[in-house]
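For reference, the structure discussed in these notes is given below.
The values are calculated or read from the model by the stated rules, or taken from the named source; none is laboratory data. Being a predicted model, the structure only gives us computed values, none of them experimental. Cβ placement follows ideal geometry from the backbone for every residue including glycine, while neighbour counts extend to all protein chains displayed. Quick note on the areas: whole protein, heavy atoms, side chains included, nothing else; ligands and nucleic acids left out. Shrake-Rupley method; radii C 1.70, N 1.55, O 1.52, S 1.80 Å.
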Amino acid sequence: MGNLIVTGITFGVFMTEALIHYNMGMAKAEGGFKLRLPPARELAKIAAVTGAFSIASALLIRAVPKHLHPKI
């Protein structure tokens, strides 16, 4: 259950960042910033990449502490 929470939160944060970057790129191309969603096909691509990296992040968050040993 913990991995699902980490993945969900990471996806939400990364997806928000991706949409901001999308809008920044559109603003540069069009000359004015406004918040908008990309077309459905582009949104699906962004969500797929963001989802893959969210899963990778959750797996790393789970794995890294198991391999770190405190040095006392």
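Scan the stretch 39-72 for residues that are surrounded by 14 or more Cβ atoms within 10 Å (Cβ to Cβ), within 18 Å of Thr7 (Cα to Cα) and of a type in the set (A, V, I, L, M) and jot them down. The answer is Ile46, Ala47, Ile55, Ala58, Ile61. As a summary of the residue check, Arg41 satisfies the conditions (1) part of a helix (DSSP H, G or I); (2) charged (D, E, K, R); (3) at pLDDT below 95 except for the one numbered (3).
The number of residues in the stretch 29-38 being open to solvent by 100 Å² or more (accessible area, probe 1.4 Å) and modelled with pLDDT of 90 or more comes to 1. Could you run through the stretch 4-15 and say how many residues are open to solvent by less than 80 Å² (accessible area, probe 1.4 Å) and either within 18 Å of Ala48 (Cβ to Cβ) or more than 16 Å from the chain's Cα centre (by Cα) (or both)? Looking only at that region, the number is 7.
In the stretch 31-72, the qualifying residues are those that are over 15 Å from His21 (Cβ atoms) and in contact (Cβ under 8 Å) with a residue 12 or more places away in the chain, and the one that is farthest from the chain's Cα centre (by Cα) is Arg62.
In the stretch 1-28, the residues that are over 17 Å from Glu42 (Cα atoms) form Cβ pairs under 7 Å with partners that are part of a helix (DSSP H, G or I) and of a type outside the set (Val, Ile, Thr), at six or more places apart or across chains, as follows: Asn3/Ala58; Asn3/Arg62; Val6/Ala58; Thr7/Ser54; Thr7/Ala58; Thr10/Ser54; Thr10/Ser57; Thr10/Ala58.
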